[in-house]
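What follows draws every value from the coordinates through simple rules; no lab data is involved. Note that the structure is predicted; figures quoted are calculated from it, not measured. Here the Cβ is made from the backbone with ideal geometry for all residues, glycine too, and neighbour counts use every protein chain on show.
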Amino acid sequence: MMWTSIKRIARSGFFSFWRNGFVSISSVLVMIITLFVITATIFLGAILNASLQEIKNKVDINVYFVRSAPEEDILALQKALEALPEVKAPVEYVSREDALAEFRRKHQDDQFTLQALDELGENPLGASLNIRAKEPSQYEGIAEFLKSKGALSKDGLTIIDKVNYYQNKTAIDTLSRMINSANRLGFILTLFLVCVSILITYNTIRLAIFMSKDEISVMRLVGASTMYIRGPFVVSGAIYGVVSGFITLILFFPITLWLGNATAEFFVGLNVFSYYIDNFAQIFLIIIFSGAAIGAISSFLAVRKHLKI
């Protein structure tokens, strides 16, 4: 009996969708705008995350060693740092020779500096380690580790000349605050857009249901159950959402294809078309489920008023 009622409700919902062609088209168009905003929010979030990740990758702290620091002690410290959960492996080791070669490369057009360097007769540069944390907020802990445990050799001599964390602390702290603020803003903006989208969809579907108020009244008077009356409208609302979701996904294919190269140039190499293709399954599920849920919930709420007879 229950299965029979469900089939009847589903059949009535599909029939209502096709019968009210103009109303269905209007509802689908409104929901396309709704899902378009949600999909655009997904892409904006991806661009923001990619941009912040690129900034995070450019932030690091450097440990500069005294020239007399034994290489085995430096490599031991490198291994100890890579074992820390806060550190993003690998820790880059730059030997004295590599540091000198890089210095010469950067000053290859400055003959005065190169001549002064040759006159020294020895390498004035020390080795260094370049360290990246998994999160900007973790750099302070790494700096404290270097200060307390990583500054001595086996002989008890200081091997670290300088750690540039404290010079970069302001920039790192600013980046941490920016990431936290961006995450909060993104969540609030997404929640706001979803609420506005549900409100717009609800009002549109309510107009569609208003046209059927007499039919609802008659069904109520002859003893039809609340579920039997409400069910077809909920099914129709879910269909509005699913159809709108498919159309939205189709529309975003040429849009992302057109914008792909532009976003790759302006937003740290993120090609929105590649992102769309690579994450299509996830985006598909989000948009289709969101459309069906918004349509069904909006219909469920909109028909409630007309059930009070």
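Here are some notes:
- Phi-based couplings in Hz for the range 26-38 (Karplus 6.51, -1.76, 1.60; Gly and Pro marked x): 4, 5, 5, 4, 5, 6, 4, 4, 4, 6, 4, 5, 5
- Evaluated with a Cβ-only charge set (Lys, Arg +1; Asp, Glu -1), the range 67-158 carries a dipole of roughly 320 debye about its Cα centre, given to the nearest 20.
- √(5λ) per eigenvalue of the Cα gyration tensor, the range 67-158, largest first, Å: 30, 17, 10
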